[in-house]
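Chemist: Following this message is one structure expressed as structure tokens.
Just so it is clear, none of the values below were taken in a lab; they were calculated from the coordinates. All of these numbers come straight from a predicted model, not from anything done at the bench. We place every Cβ from the backbone using ideal geometry, glycine too, and count neighbours over all the protein chains shown.
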Amino acid sequence: MTRSEAASAWDPERLPDLSGRVYLVTGANAGLGYFSSEQLAGAGAHVIMSGRNPHRLAASRAAIGRRVDGASVETLLLDTSNLGSVRAAAASAGARGRIDGVMLNAGIVHPPRTRTVTADAGRELVLATNVLGHFVLAAELLLSLTLTSGRMVWLGSMATRLGAYDPLDLELRDGYTGWRAYAQSKVAAQVLGFEADRRLRESGIPVQSVVAHPGYSVSGRTAGIHGVNMPSRRARFLDNLQAPITQSKEYGAWSPVRALVDPRIAGGEYWGPSSLTRGAPRRQTASKTSLDPEVGTRVWADCERLTGMHWPFAKAARTLRKGAA
């Protein structure tokens with residue numbers, strides 16, 4: 001089957017049977033994370049819905065219970081801006097059993113107007129939430145993913161094509177704006193996704209790292225769900241004015257979900273909507289910055305320095321050898 005045939009054969013509204021699979025989704029209480037969880041559960045997977053607010057997590061779990069017959073979901077407290085929370089959640093998830101994939105989705109979409117730092121480590125908040133927490137989470141789950149030959153999906157953005165990346169100031173200590181913080185965090189997330197793929201291949205570890213973006217997905221064009229998506233009338237009106245170039249959050253989840261579960265997708269691939277801002281998922285080409293190995297090496301080293309985390313590639317390789325013995 002050619003790539004074009006594979007793309008046309010995939011139906012995002014009729015996913016393959018995922019019974020027996022277990023997926024962890026960060027930021028699962030709303031937006032893309034919620035709809036990704038709903039779609040995975042609807043295909044029979046067990047979904048670990050993670051987020052930092054227990055009440056919103058409970059509401060999102062209840063919503064899936066109402067909308068998906070026989071859904072198998074559980075919740076996990078996880079605040080990606082707090083590395084202690086990330087490590088505790090990873091330990092809990094790893095102890096619960098198999099993990100076939102993790103969707104690194106949680107993030108700040110509307111950053112603070114002024115530069116803000118985390119309480120635990122003093123890191124710039126948007127970078128910590130969108131990037132550093134996921135860097136640590138993926139590292140902590142690497143052994144679990146190795147055992148299942150699993151997959152990690154990093155959430156990118158169309159904003160990565162706008163060149164908002166300063167290699168010398170990842171935390172934006174100078175010239176901070178909310179837009180720069182968001183765009184640079186998404187560049188860094190994509191860079192890490194591709195760099196992780198290179199390092200996993202070099203280590204011989206059968207875990208795939210894939211990058212996906214949701215296009216231009218907005219709440220105002222998304223179905224209202226109590227406790228999950230309740231846009232105001234003004235938001236509905238404004239978002240529908242952009243209907244020719246936007247789509248719902250439900251449709252926005254199509255690309256990251258396919259990146260997570262389609263067995264024909266290989267590590268290092270980049271997926272997004274067919275019309276860039278909207279549409280069915282298809283393979284795309286990421287920005288040159290995202291794919292640059294030199295940038296990948298630099299960002300990886302920065303994340304190691306900022307988090308104190310070094311991925312256990314050697315340990316994962318030993319685990320793999322023991323399993324094969």
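Chemist: Pick out the one residue from Ile225, Ile245 that is aliphatic (A, V, I, L, M) and more than 27 Å from Gly65 (Cα to Cα).
Modeler: On the way: Ile225 fails: more than 27 Å from Gly65 (Cα to Cα).
The match here is Ile245.
Chemist: What is the number of the single condition among (1) more than 24 Å from Pro12 (Cβ to Cβ); (2) surrounded by fewer than 19 Cβ atoms within 10 Å (Cβ to Cβ); (3) among the polar types (S, T, N, Q) that Gln284 does not meet?
Modeler: (1)
Chemist: Now, a different point. Could you check, for segment 180-191, whether at least one of its residues is free of Cβ contacts under 8 Å to residues at least 40 places away in the same chain and out of contact with any Cys (no Cβ under 9 Å at 6 or more places or on another chain)?
Modeler: Narrowing segment 180-191 to residues free of Cβ contacts under 8 Å to residues at least 40 places away in the same chain: 180, 183.
Of the ones still in play, those that are also out of contact with any Cys (no Cβ under 9 Å at 6 or more places or on another chain) are 180, 183.
Checking segment 180-191: at least one residue is free of Cβ contacts under 8 Å to residues at least 40 places away in the same chain and out of contact with any Cys (no Cβ under 9 Å at 6 or more places or on another chain).
Chemist: Also: Take Thr319 and decide whether it is among the hydroxyl-bearing types (Ser, Thr, Tyr), assigned to a helix (DSSP H, G or I) and crowded, with 16+ Cβ neighbours inside 10 Å.
Modeler: Working: among the hydroxyl-bearing types (Ser, Thr, Tyr): yes; assigned to a helix (DSSP H, G or I): yes; crowded, with 16+ Cβ neighbours inside 10 Å: yes.
Criteria met by Thr319.
Chemist: What tally of residues in segment 206-239 results from selecting those that are among the aliphatic types (A, V, I, L, M), buried (at least 16 other Cβ atoms within 10 Å of the Cβ) and under 28 Å from Thr160 (Cα atoms)? Break it down stepwise before answering.
Modeler: To start, the set of residues in segment 206-239 that are among the aliphatic types (A, V, I, L, M) comprises 207, 210-212, 218, 223, 225, 228, 230, 235, 238.
From what is left, the residues that are buried (at least 16 other Cβ atoms within 10 Å of the Cβ) are 207, 210-212, 218, 225, 228.
Applying the additional criterion that residues be under 28 Å from Thr160 (Cα atoms) yields 207, 210-212, 218, 228.
Total meeting the criteria: 6.
Listed here are the residues, each with its yes/no results for (1) under 19 Å from Ser36 (Cβ atoms); (2) of a type outside the set (Gly, Ala, Ser); (3) under 22 Å from the mean Cα position of the chain (by Cα).
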| residue | (1), (2), (3) |
| --- | --- |
| Ala223 | yes, no, yes |
| Asn240 | no, yes, no |
| Lys249 | yes, yes, yes |
| Gly252 | yes, no, yes |
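Chemist: Among Val153, Val131, Val109, which is the only one that is closer than 30 Å to Arg321 by Cβ and in contact (Cβ under 8 Å) with a residue 40 or more places away in the chain? Working first, answer last.
Modeler: Numbers: Val131 fails: closer than 30 Å to Arg321 by Cβ; Val109 fails: closer than 30 Å to Arg321 by Cβ.
Testing whether each residue is closer than 30 Å to Arg321 by Cβ and in contact (Cβ under 8 Å) with a residue 40 or more places away in the chain leaves just Val153.
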